[in-house]
1. Looking at the range 155-175, which of the residues that are hydroxyl-bearing (Ser, Thr, Tyr) and modelled with pLDDT of 90 or more is farthest from residue 60 (Cα to Cα)?
2. Search the range 28-44 for residues being touching a residue at least 60 places away in the same chain (Cβ under 8 Å) and more than 25 Å from residue 120 (Cβ to Cβ), and hand back the single one that is surrounded by the most Cβ atoms within 10 Å (Cβ to Cβ).
3. Which one of 184, 189, 178 is assigned to a loop (DSSP other than H, G, I, E, B), over 19 Å from the mean Cα position of the chain (by Cα) and modelled with pLDDT of 90 or more?
4. Which residue, of 47, 80, is exposed (fewer than 12 other Cβ atoms within 10 Å of the Cβ) and in contact (Cβ under 8 Å) with a residue 24 or more places away in the chain?
5. Of all residues in the range 24-48 being part of a helix (DSSP H, G or I) and hydroxyl-bearing (Ser, Thr, Tyr), which is modelled with the lowest pLDDT?
6. Which pairs have Cβ atoms under 7 Å, sit 6 or more apart or on different chains, and link a residue in the range 113-136 that is open to solvent by 50 Å² or more (accessible area, probe 1.4 Å) and at pLDDT 85 or above to one that is part of a loop (DSSP other than H, G, I, E, B) and hydrophobic (A, V, I, L, M, F, W, C)?
7. In the range 93-105, which residues are surrounded by fewer than 16 Cβ atoms within 10 Å (Cβ to Cβ) and at pLDDT 75 or above?
8. Quick check on my filter: what residues within the range 157-170 are touching a strand residue (DSSP E or B) at 6+ places or on another chain (Cβ under 7 Å) and open to solvent by 20 Å² or more (accessible area, probe 1.4 Å)?
Amino acid sequence: MLLLIVLLFLSCSSSKNTKMIVKYSQKEDVISLVISDFIKTCRLYKEDSVFFISFLDTVHGLTLKRTENTYVWVRDTIYEDLIAVSISGGRSKWLYGQFSKLPPIQYIEKNDRLFYWLEDYPSSDEILNVLQKYDMLQYDEGGWIKMPDAVIDDSKKGADYYFCRNNILKYKKIITSKGTGYYKPPKVKCN
């Protein structure tokens with residue numbers, strides 16, 4: 001009887017995204033959780049069809065320090081209780097040709113949109129086809145080294161998700177044009 005009451009209490013407790021219970025050790029599961037939330041709740045989803053995802057197992061704060069005649073960003077604060085996942089829209093091109101390899105990526109396609117991240121995965125024809133579908137390849141004809149078309153827009157916003165390391169159902173999302181670490185992360189009640 002007591003077990004039934006505890007299970008009922010846990011199933012009725014309010015928590016963000018209680019439908020998905022995932023283990024932190026499953027990086028892809030955390031990324032899937034982020035993609036689902038991003039699709040459902042973020043207006044940035046409608047602005048692009050290709051999104052790059054980065055996963056930070058350790059969140060560091062950065063401080064601008066002066067060294068002789070220059071300024072450099074230096075890691076300072078470590079937020080041990082947090083992990084971060086960032087999503088930003090945009091279409092970077094990958095150089096591809098006779099002497100180059102495909103990037104080691106993993107991806108998820110949802111609703112005619114591509115979400116991809118760097119992963120130590122073997123390249124395949126499937127990845128080549130997906131990158132072609134989303135116009136993300138720049139061919140290097142004849143093996144000449146050519147730089148891919150690069151588009152950098154520092155004003156473009158992305159979504160940063162900060163998760164509690166011990167309970168990924170507790171998280172906060174920040175919409176910003178700053179990179180993770182260049183601003184103080186939000187307070188997430190991890191205890």
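The values are calculated or read from the model by the stated rules, or taken from the named source; none is laboratory data. Bear in mind the structure is a predicted one, so any value in this text is a computation, not a measurement. Positions of Cβ are generated from backbone atoms using ideal geometry, with glycine treated the same way; all protein chains shown enter the neighbour counts. Note: accessible area is taken over every heavy atom of the protein model, side chains too, but ligands, DNA and RNA are not part of it. Shrake-Rupley method; radii C 1.70, N 1.55, O 1.52, S 1.80 Å.
1. Only one residue fits best here, namely 171.
2. Step by step, filter the range 28-44, then rank; the result is 37.
3. Answer to the selection: 189.
4. Unique residue meeting the criteria: 80.
5. 32
6. Pairs that qualify, where the first residue is open to solvent by 50 Å² or more (accessible area, probe 1.4 Å) and at pLDDT 85 or above and the partner is part of a loop (DSSP other than H, G, I, E, B) and hydrophobic (A, V, I, L, M, F, W, C): there are none.
7. 104
8. Result: 157, 165, 170.
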